[in-house]
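In what follows, a structure is listed as C-alpha cells, so that the remarks can point back to it.
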Amino acid sequence: MEKNRIALYIAIAGLASLFIIGAVYAQDDIKSLKHDIFVERERSAALFPHVLHTDEAEIDCLECHHIYKDGENVWDDSAETECAECHKLEADGKTIPLMKAFHENCKGCHEKEGKGPITCGECHPMKK
Amino acid sequence: MYEFVSGPLALISFAIFFVGIITRIVWYVKGLDWRLDRVAYSEKLGAGIKGAARSLFHWLLPLNRTTANHPIFMAVTYLFHICLVLTPIFLMAHIVLIEESWNISWVTIPDKVADYMTLAVIAAGIFFLIRRLTDPNVKILTTASDYIVLAIALAPFITGYIAYHQWELGAGYKSWLIIHILCGEIMLISIPFTKLSHFVLFFCSRIQLGMDYGIKRGGMKGRGIAW
Amino acid sequence: MAQEAKNQDLPPLVTRKAVKTKKELDLLLADKGIRYYKEMEVFPVDTAALKKTLDATCKSRIRTWLEICAHCSLCADTCFFYLANDNDPKQIPSYKIQSTLGKLVKRKGDVDTQFMINCMDTAWGKCTCCNRCGMYCPHGIDMGVMFSYLRGLCFSQGFVPHEMKIGSCMHWLYNAQMDVTVEDYVETCEWMAEENEEYYPGLEIPVDKVGADIMYVVNAREPKHYPQDLAEAAILFHLAGESWTVPSKGWEGTSLAMFAGDWACCKQQVEGVYAAMERLKVKRYVGTECGHQHRATITEGPYWAGRKNGEPPAPGFHYVEWVLEALETGKLKLDPAKKIKEPVTLQDPCNYIRNHGLTDVTSKIMSYIAEDFRPMSPNREHNFCCGGGGGMNGIGRYRQQRNIGMKVKRDQILATGAKFVVSACHNCWDAIRDLEEVYKIGIKWSFLKPILLEMAIVPDHLKPKEE
C-alpha cells in the first residue's frame, strides 16, 4: 500500500512539474504565429517556438526581424516586432504579403539550412 | 526525400505529362486521313467545326440521351470528372507551392470545399469499382488495366486526404505526404501512356466524330444530329 | 478421303481476292455455302498481309477508339442485338469490337483461322453497322464504323459470308447487285412505260436524256423483281411534271460491296453512277427508296471515288427528300380524302437518318398520307435498326440471329398499336416482311410509292382522253 501511495505522489509531482516547466518556458516564448489579420484561415496558425530559434539554434535576431533604411537593417530591440504592422494580407506594392513573407522566411531558411520543417502539416498541424 | 519528390521529380513528371499529351494530340491529328476516315476534314472545315462544337457542347454538358437513359451513372461520372480535374488545379496547398517555385498563382478553392470534392472523387471511384465487380455487363468488358487505371486515378486523392488530415496511419504525416506526391506524379506520367490519355483524346475523338456528323452524316442537311 | 480428293480437283471457293468472273460466280452460286464454309474452316490467314493492311489503314482514329474505350458498358442497351438476346453481355457492342478488331490490332494481325471466322461471325452476324451505339458513347466511339472496317479486313483475307462474296462479284460483273445487264434494265424501262401509258398518256421513262433535272437511280431488285416500282416512280415524276431521266450505264445505286467490305468494288460501283451524272449533265440525283443505296452512292461514295470535297458530281437526294419537296411545293397533290384512316407507323432506315441526317423528312411526309400516324419510340435518329440491315437479310448463316434481333422492331411496332408499317428502304421492307412471316403479328407493310400513287391527284391535262 505504502509503495503504491509513494508512486502516486511521484506521478502527480512529475506531471505537475511538467506543467510548471512548460509554464515557465512559455512565459517568454512565442509558440505560434497567430496574427489577427488572417481572418479566414485555411490552415491553423503556424507553430513557431521562438526560444528554439534564438537560444538553441542561436539565430541572429536580424535574420528575421527587420526594418530597412537605405538598404540596411536598422531593427533593434526597441523597434516594432509585430510582423503584421508592415506586412499586410494583400500585396500593397511596398511589402510582401504576410503569408508569403512567412513562407519565404521560414521555409526558405529551413531549406537553405537543411534544418527545420518544410512540409505544410509540420508547421500547420490539424486541429485535433 | 520530400525535397526530391516535390522538386526535380515533380518537374520531370510535368515535363513527361506535357510532352506526352502534346505528342498524343499531334499523333492523333496527323493520323486523320480524309480518304480512310471518309470525312472531308479540310474541304468542309466550317461544317466540321460546327459539328465538333455541337458534339462537345452536348457531351461536356449533360445534354445527351445517354445521360437521360442512365442518369445515376452519368451524374456520378460528371461529378467524378469535375472534382478530379478541379480539385488539384485549385487546391490552395498546390498553388502555394507553385507560387513559391514559379511566382505564378491563381484563384483557390477553400480547403473545406476541396475536402468534400476529394471525398466525392473517392466515393465515385468506389462506385465505379463496385459496378465493375458486380454488373455482368461491365464485368465482361473489364481487364486488369481498368483496375490499375482506376487505382492510379484514385491514389492521389486517397493519400491526399490522409496527408491533409495528418492521419498517422502507421507511416506518419510526412511519409503520407511524400506518398501523395509520388502518386500524383505517377498519375501525371501515366496519362499519356494509358487509357487516362482520354484526358486529351476524349476531346480528339469527340471533335472527330462531331466533324464526321457535321460534314458527312447529315450535318449539312436537316436540323443536324447531336453526337 | 475420297471426298477431299474430289474437292481438291475443284477450284477453291474461298479466296482472298474478289471474284470477278462468271465461271467463279456460277461455282459460288451452285455451292450454296456448304463447301464454301467447310473450306473456310481450314483456310489459312495471311498474317503478313494482314499486318501490312493494318499498318497502312488502321490509323489514329480507330486505334484511339479501341484504346480509350472506358469499358463502361453504356453502349450495351443501345444495341438491338443486346436487347433482343435478353441482355446477353456477349452482345455488348464494346465487347464485340474489343474481342475481334481490338485483339486483331493488339496482336498486329498475328491471328489464326478460327479467330478470323469469329471476326466474320461477329462483324456480319452480330452487327448491322447501324451506327446507333456510336451516338450514345460518351467518348464518341462509333463501333459501327469499326465493324465496317473489320469487314474490309475480313474480306481481304477471304473470311466473308457466302452471299456477300457473291454480292460483290455481282457488282464487279454487272455493276449491279443482281445479274441485271444494262440491256435488261433499259428493256424493263421501256416495258413499264408501255404498260402504263394507256392510263397516263405521255408517260415515258426517258433513258439517257442529257440535261434532265433529275437522274433517277434504282436498286436492281426493282427491275428484277418489282418492275412495278419503276413504273410507280415514273408516274409520280410524270404527275409532278419533272424533267427526269434514268441512265443506261450507271443505272444502279446499291452496293452489296459496301456490306461485303470490298472497297475496290465500291469504288468501281459508284464511279459508274458518277460517270452517268457527268455524262447526262443532270442537275441532281434522286435515288429510289433504299437506305444503303443512299449511303453508298451519296454519303460514302464520294470518298471511295477520291472526291476530296466529299460530294458526288451532282447533289444527291433520297427519294423521300424529293417526295417531301414535291408535296410542299404542290408539284404533287394528294387527295386528303384518301388519307390512310387506320393507324400507321414508320420505319425510318438508319442509313439516311444516322448517316445523312434526314431525321424529319419522312415523318413530315406521313402527315400528308396518314390520318393517324403513330411514330415508333424511340424514333428518328434514335430509331432501332429494322434487324436486317448491313446485309444481314441476305446471309443464310445468320438467319437465326437475325430473326432473334427482329424482336426489338416487332415490339416497337406492337407498342404503336399500328398494323401498317411504311418504310422507304428495301432492307427495312424485307425485314418487316420477314418479321411478319416469323412472328405473325398481323401487319402489312409498304413503300411510299404505291401509297402516294393511290392518293395522287392527276391533273386534268394528264388524264386519259375519254373515248
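Annotations for the structure displayed:
- In chain C, the longest principal axis of the Cα atoms and the axis of helix C:113-125 are about 20 degrees apart.
- Extension gain, B:TYR78 back to B:TYR147 (0.36 nm per residue minus Cα-Cα distance, nm): 22.9 nm
- Diffusion coefficient, µm² s⁻¹, Stokes-Einstein with Kirkwood Rh over alpha-carbon pairs of the range C:205-299 at 10 °C and 1.306 mPa s: 118
- Cα→Cβ-extended label distance, 7 Å offset, between C:LEU29 and B:LEU61, nm: 5.8
- Summing Lys and Arg as +1 and Asp and Glu as -1 over all other residues whose Cβ lies under 10 Å from the Cβ of C:SER243 gives a net charge of 0.
- For chain B, hydrophobic long helices are taken as DSSP H runs at least 18 Å long by C-alpha position along their axis with mean Kyte-Doolittle hydropathy of 0.0 or more; these are B:8-31, B:45-60, B:71-90, B:111-134, B:144-164, B:173-190, B:198-215.
- Relative to the dominant Cα principal axis of chain C, helix C:426-439 is inclined by about 80°.
- For the range C:47-156, the normalised intensity computed at q = 0.14, 0.23 Å⁻¹ comes to -0.50, -1.32 (log10 of I(q)/I(0), Debye sum over alpha carbons, equal scatterers, no solvent).
- Helix-only mean residue ellipticity at 222 nm for chain B, each DSSP H run of n ≥ 4 adding -39500 (n - 2.57), per residue, nearest 500: -24500 deg cm²/dmol
- Dimensionless Rg over Rh [chain C; C-alpha; Kirkwood]: 0.98
- Lysine-lysine proximity count for chain B, Cα under 28 Å, sequence distance 8 or more or distinct chains: 11
- Rounded to the nearest whole angstrom, the semi-axes of the ellipsoid equivalent to the protein assembly as shown, taken from the Cα gyration tensor as √(5λ), stand at 73, 29, 25, largest first.
- Gain on full stretching of the segment that runs from C:ASP55 to C:LYS419 - 0.36 nm per residue minus C-alpha separation: 126.0 nm
- Note on surface exposure: C:TRP429, B:TRP167, C:TRP124 rank B:TRP167, C:TRP429, C:TRP124 by accessible area, highest first, 1.4 Å probe.
- Charged-residue dipole, Cβ positions (Lys, Arg, Asp, Glu), the range C:342-420 about Cα centre, Debye nearest 20: 480
- Near the amide H of C:TRP244, within less than 5 Å, lie the amide hydrogens of C:ASP213, C:ILE214, all on another chain or at least 5 residues away, with H placed in the peptide plane.
- Nearest-ten-degree value, helix C:407-416 long axis tilted from longest Cα axis of chain C: 30
- Computed E for A:GLU104/A:ASP55 - FRET, C-beta separation, R0 35 angstrom, nearest 0.05: 0.90
- Subset of C:LYS126/C:LYS409; A:LYS69/A:LYS94; C:LYS22/C:LYS52; C:LYS32/C:LYS409; C:LYS209/C:LYS333 violating a 22 Å alpha-carbon distance limit: C:LYS22/C:LYS52; C:LYS32/C:LYS409; C:LYS209/C:LYS333
- Of C:ILE413, B:SER42, B:THR23, farthest towards positive along the dipole that unit charges on Lys, Arg, Asp, Glu beta carbons give the protein assembly as shown: C:ILE413
- Amide H contacts of C:PHE420 (H built 1.01 Å from N, under 5 Å, at least 5 apart or other chain): C:THR345, C:LYS444
- Residue-by-residue Karplus 3J(HN,Hα) for the range C:236-247, coefficients 6.51, -1.76, 1.60, Hz, glycine and proline x: 5, 4, 4, 5, 7, x, 7, 8, 9, 7, 10, x
- Charges were assigned to the Cβ only: +1 to each Lys and Arg, -1 to each Asp and Glu. The resulting dipole of chain C about its Cα centre is roughly 2020 debye.
- The calculated 222 nm mean residue ellipticity attributable to helices in chain C amounts to -14000 deg cm²/dmol, summing -39500 (n - 2.57) over DSSP H runs of n ≥ 4 and dividing by all residues.
- Cβ-Cβ distance of B:VAL113 and A:SER78, R₀ of 51 Å, FRET efficiency by 1/(1 + (r/R0)^6): the value works out to about 0.70.
- Since only C:PRO138, C:SER73, C:LEU50 are under comparison, the one whose Cα sits farthest along the positive direction of the charge dipole of the range C:47-156, derived from C-beta charges on Lys, Arg, Asp and Glu, is C:LEU50.
- Under 14 Å, Cβ to Cβ, from C:MET116 - net charge with Lys/Arg +1 and Asp/Glu -1: -1
- For chain C, the antiparallel share of DSSP beta bridges with both residues in that region comes to about 5%.
- Straightening the chain between C:ASP335 and C:LEU453 buys 41.4 nm, computed as 0.36 nm per residue apart minus the Cα-Cα spacing.
- Summarising the label geometry, the points placed 7 Å from Cα in the beta-carbon direction at C:ASP360 and C:GLU271 lie 4.0 nm from one another.
The values are calculated or read from the model by the stated rules, or taken from the named source; none is laboratory data. Here the structure is a predicted model, which is why all the values come from computation and not from measurement. Note: ideal-geometry Cβ built from the backbone for every residue, glycine included; neighbour counts use all protein chains shown. These accessible areas exclude ligands, DNA and RNA; they are computed on the full protein's heavy atoms, side chains included. Shrake-Rupley method; radii C 1.70, N 1.55, O 1.52, S 1.80 Å.
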